[in-house]
Amino acid sequence: MSNASSNMALEVIILPVSDVDRAKEFYAGLGWRIDADFPGDGYRIVQMTPPGSPCSIHFGSGITTAVPGSVQGLLLVVEDIEAARAELIAKGAAVSEPFHYAGVRGPRLAGLDPARGTYRSWASFSDPDGNGWLLQEITSRLPGRGSPLDVATLTALLREAEDGHGGYAATAPKHHWSDWYAAFIVARAAGKTAEDATKDAGRHMEQVLGR
């Protein structure tokens, strides 16, 4: 039996709304793509996708028993929170002033993070039913998180791969280091630990070398 984990990409989040057309108009006004609007016998499903997002939202009628407005804390990642906030406000969203936190679990404080650290500046807004969204500014990611890779993330992953490959190369037959690096980085970028990524790279090299 294989110990490898299957990829599981989050595809859709369901939002409970009271007025489907109003919700559709609101999100379309923000510039979200309308992917589908399927009417049926006793149900309707609308799918929309934020710009640049691999994950979409569904709302409609007959698709959830949740109370309209009860979904909170939905996260939208942006590279420049001030620009994103200004854009959303111009398109009709009532976005809060920026805020940050004192430490990981500290109190909420007004304004952008003083150091403008990645992951640390926030803003919020809600749709007409009260479903709550958060904007989070991320300018560089922790190693192995997020897609697509940015330069800082890829640099960190290459350094991890370099360290891990040294242990493998000490006992391995002649091979192209790029094969090992590629398998390791793909696994880390998918969210696996360095230990599991090392195992994945080892299994990949067994296939490459025909062992």
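Just so it is clear, none of the values below were taken in a lab; they were calculated from the coordinates. Computed from a predicted model, the values in this text were never measured in an experiment. All Cβ positions, even for glycine, are placed from backbone atoms using ideal geometry, and neighbour counts span all protein chains on display.
Rounded, prolate or oblate: which fits the chain, taking a ≥ b ≥ c as square roots of the Cα gyration tensor eigenvalues, rounded meaning a/c under 1.5, else prolate when a/b beats b/c?
Verdict is oblate for the chain.
Ranked by the mean number of other Cβ atoms within 10 Å of their residues, highest first, the peptides 119-126, 63-70 come out as 119-126, 63-70. GNM remark for the chain: springs join alpha carbons under 10 Å apart, and the peak mean-square fluctuation among F26, F99, F38 falls on F38. Quick one: compute the contact order of the chain, relative version, from alpha carbon pairs under 8 angstrom and 6+ residues apart, as a percent. The value is 15 percent.
GNM on the chain, C-alpha springs below 10 Å: top fluctuator among A102, A201, A94? Most flexible of the set in this elastic network: A102. Ordering 77-83, 43-49 by mean Cβ neighbour count within 10 Å, with the highest value first, yields 43-49, 77-83. Here is how the number arises for the chain: DSSP H runs of 4 or more residues each give -39500 (n - 2.57), the sum is divided by the residue count, and the result at 222 nm is -10500 deg cm²/dmol.
For the pair S70 and V186, label points projected 7 Å from Cα toward Cβ lie 4.1 nm apart. The phi torsions of the range 172-180, fed into the Karplus equation with coefficients 6.51, -1.76 and 1.60 and a -60° offset, translate into couplings of 7, x, 4, 7, 8, 4, 5, 5, 5 Hz, rounded to whole numbers, with Gly and Pro shown as x. Given their separation in residues at 0.36 nm each and the Cα-Cα distance between them, V20 and T171 gain 48.2 nm when the chain is fully extended. Computed from Cα positions, the angle between helix 81-90 and the longest principal axis of the chain comes to roughly 30 degrees.
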